[in-house]
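Chemist: Handing you this structure, nothing more for now.
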2 protein chains.
Amino acid sequence: MSQKSDLSSIKALAFDVFGTVVDWRTSIIRECALLGKSKGISLAWDEFADAWRRGYAPAMNKVRDGKLPWMNIDEIHRMILDDLLIEFNIKGLSETEKKDLNRVWHRLKPWPDAIRGLRRLRRRFIVATLSNGNVSLLVNMAKKAGLPWDCILSSELAKHYKPDKEVYQTAAHLLGLKPGQVMMVAAHKDDLYAAGKVGFKTAFVIRPLEFGPEGKPDLTVETSFDLSASDFIDLADKLNA
Amino acid sequence: MSQKSDLSSIKALAFDVFGTVVDWRTSIIRECALLGKSKGISLAWDEFADAWRRGYAPAMNKVRDGKLPWMNIDEIHRMILDDLLIEFNIKGLSETEKKDLNRVWHRLKPWPDAIRGLRRLRRRFIVATLSNGNVSLLVNMAKKAGLPWDCILSSELAKHYKPDKEVYQTAAHLLGLKPGQVMMVAAHKDDLYAAGKVGFKTAFVIRPLEFGPEGKPDLTVETSFDLSASDFIDLADKLNA
């Protein structure tokens, strides 16, 4: 895929996580199916996973608009989960089981290329998360999956959710870098547009299966991004890492 | 050394960095001596290093008391450095050289046991910094030295300096843990007293050479700490890591 603009100033790569680094959908479906099996609950778990994820943007918007107080993603996921348990008529889960189910987001599995790509990229750049996931979620996920981050950065540190500009500005400030020295890496265009607006470099990584085999993510390359890549190995190649 | 109280609840270790993980004094003296040699400046660099470090607590106190606005440690180090260059009559440094000299704090070297101990401790616990150093300083230091942190936590995230309670509380909150699930590890008692007051477990690691061969750090073990260790290997032994 294409490459443009001078990338020699880049010191750090900031990664979107859900969908870009980890395959949330397969991970959620798998854990829910295992729980369902053990509890005797039969359900279309793919629909459940998609509904859980779909609830996330509207909930964040309510926080953004001040209709909800600041809540981290663990709290948002739990709020959505409680609604979904009713909607999908899932009964018989104890509070401990609900808490553990909610923490499935701490246990998401990386895409097959993610760790190998990050290891290469880390030799040349600071590699940091820049996720709407809260710090503890990202730390636990990294530890479980072996994701080799130099630094865990999160919307939680700005008390703003992406794509609010404060998230990107806070990240650059904490890294001691100018926005142009940081490249946002994401599979989602709204994240990259917002990062680009505050001066970040941008890398679009396509994740054709993020929303499952039937999903229709926007994979069209845009020339406004500094770089486009088919996965993290391709990204490492293109950044000479 | 001694061990008391139930340590089975501990999920994360939060490390003081300057003096506890890295040998700031030897690192500063070495880099300054190299710079002095290249610039033809002859000086008692140990006195210079000690003076630089001595300036740090009073400057933080001014921030704490509101006599100075919030400044991160890079800014505090630079303010002290500018005074010391006059006091020690050091001339002929360009702005670029001053900036680079100030960043010597990003390049401090770990104590000989630190990395090996952290690698062991990391298998069992989340290992995080909890330093008055700013995030970028800690990230750059970790990358250069190979310190295997799971998470970079800093006073900067609380906009309070240790030993203010907000620093410890913010750290526990970001890790998603109760204070009693976090153990503060430090060579400095004031840090441990403050952490203990908000409910952290405490581990005292002695660093007899922190202030040089002539330094007189307080190495007496206190029974109020949950654990005392001679270095990070001993700490790993005592925590069964």
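Chemist: Checking A:L68 against (1) in contact with a strand residue (DSSP E or B) (Cβ under 8 Å, 6 or more places away or on another chain); (2) of a type in the set (A, V, I, L, M); (3) in a loop (DSSP other than H, G, I, E, B): exactly one of these is not met. Which one?
Modeler: Unmet condition: (1).
Chemist: Here are some conditions: (1) within 16 Å of the chain's Cα centre (by Cα); (2) more than 23 Å from A:V205 (Cβ to Cβ); (3) not charged (D, E, K, R); (4) not in a loop (DSSP other than H, G, I, E, B). A:I86 meets all but one. Which one does it not meet?
Modeler: Every condition holds for A:I86 apart from (1).
Chemist: In addition: Within the range A:137-148, is even one residue under 29 Å from B:L177 (Cβ atoms), basic (K, R) and part of a helix (DSSP H, G or I)? Explain how you work it out, then say what you get.
Modeler: Taking the range A:137-148 and keeping what is under 29 Å from B:L177 (Cβ atoms), we get A:137-148.
Okay, now just the ones that are also basic (K, R), so A:143-144.
Subset that is part of a helix (DSSP H, G or I): A:143-144.
Yes, that holds for at least one residue.
Chemist: Exactly one of these conditions fails for B:I115: (1) in contact with a strand residue (DSSP E or B) (Cβ under 6 Å, 6 or more places away or on another chain); (2) under 18 Å from B:A236 (Cβ atoms). Give me its number.
Modeler: (1)
Chemist: When you scan the range A:29-47, how many residues do you find that are assigned to a loop (DSSP other than H, G, I, E, B) and either out of contact with any helix residue (DSSP H, G or I) (no Cβ under 8 Å at 6 or more places or on another chain) or surrounded by 13 or more Cβ atoms within 10 Å (Cβ to Cβ) (or both)?
Modeler: At the first step, the residues of the range A:29-47 found to be assigned to a loop (DSSP other than H, G, I, E, B) are A:40-44.
Narrowing further to those that are either out of contact with any helix residue (DSSP H, G or I) (no Cβ under 8 Å at 6 or more places or on another chain) or surrounded by 13 or more Cβ atoms within 10 Å (Cβ to Cβ) (or both): A:40-41, A:43-44.
Selection size over the range A:29-47: 4.
Chemist: Checking A:S94 against (1) within 14 Å of another protein chain (Cβ to nearest Cβ); (2) surrounded by fewer than 16 Cβ atoms within 10 Å (Cβ to Cβ); (3) hydroxyl-bearing (S, T, Y), which test does it fail?
Modeler: Unmet condition: (1).
Chemist: Now for a different question. Looking only at the range B:152-193, count how many residues are within 16 Å of B:M60 (Cα to Cα) and in a helix (DSSP H, G or I).
Modeler: Number satisfying all stated conditions: 8.
Chemist: Same structure again: Exactly one condition in (1) farther than 25 Å from A:D218 by Cα; (2) touching a strand residue (DSSP E or B) at 6+ places or on another chain (Cβ under 9 Å); (3) open to solvent by 20 Å² or more (accessible area, probe 1.4 Å) is not met by A:R53; state its number.
Modeler: Condition not satisfied by A:R53: (1).
Chemist: Look at B:R124 and say whether it is modelled with pLDDT of 95 or more, crowded, with 16+ Cβ neighbours inside 10 Å and within 14 Å of chain A (Cβ to nearest Cβ).
Modeler: no
This table checks each residue for (1) touching a residue at least 24 places away in the same chain (Cβ under 8 Å); (2) surrounded by fewer than 14 Cβ atoms within 10 Å (Cβ to Cβ); (3) among the β-branched types (V, I, T).
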position	(1), (2), (3)
B:T202	yes, no, yes
B:R207	yes, no, no
B:E214	no, yes, no
B:P217	yes, no, no
B:D226	yes, no, no
B:A229	yes, no, no
B:I233	yes, no, yes
B:L239	yes, no, no
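Chemist: Then there is this: A:P112 passes all but one of (1) within 14 Å of another protein chain (Cβ to nearest Cβ); (2) over 13 Å from the mean Cα position of the chain (by Cα); (3) assigned to a loop (DSSP other than H, G, I, E, B); which number fails?
Modeler: It is condition (1) that A:P112 fails.
Chemist: Right, here's the next one. Tell me the residue from A:K144, A:K178 that is within 14 Å of chain B (Cβ to nearest Cβ), more than 18 Å from the chain's Cα centre (by Cα) and surrounded by fewer than 18 Cβ atoms within 10 Å (Cβ to Cβ), please.
Modeler: Values: A:K144 fails: more than 18 Å from the chain's Cα centre (by Cα).
Step by step, each of A:K144, A:K178 is checked, and only A:K178 is within 14 Å of chain B (Cβ to nearest Cβ), more than 18 Å from the chain's Cα centre (by Cα) and surrounded by fewer than 18 Cβ atoms within 10 Å (Cβ to Cβ).
Chemist: OK, next. Which of the residues belonging to the range A:147-169 are open to solvent by 30 Å² or more (accessible area, probe 1.4 Å) and either within 12 Å of chain B (Cβ to nearest Cβ) or not charged (D, E, K, R) (or both)?
Modeler: Within the range A:147-169, A:L157, A:K159, A:H160, A:P163, A:Q169 qualify.
Residues checked against (1) in contact with a Leu (Cβ under 9 Å, 6 or more places away or on another chain); (2) over 24 Å from A:S8 (Cβ atoms); (3) among the β-branched types (V, I, T); (4) modelled with pLDDT of 95 or more:
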position	(1), (2), (3), (4)
A:T170	yes, yes, yes, yes
A:L192	no, no, no, yes
A:G196	no, no, no, yes
A:E214	no, yes, no, no
A:T220	no, yes, yes, no
A:L239	yes, no, no, yes
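The values are calculated or read from the model by the stated rules, or taken from the named source; none is laboratory data. Small disclaimer: the values here were computed from a predicted structure and weren't measured. Note: ideal-geometry Cβ built from the backbone for every residue, glycine included; neighbour counts use all protein chains shown. Note: accessible area is taken over every heavy atom of the protein model, side chains too, but ligands, DNA and RNA are not part of it. Shrake-Rupley method; radii C 1.70, N 1.55, O 1.52, S 1.80 Å.
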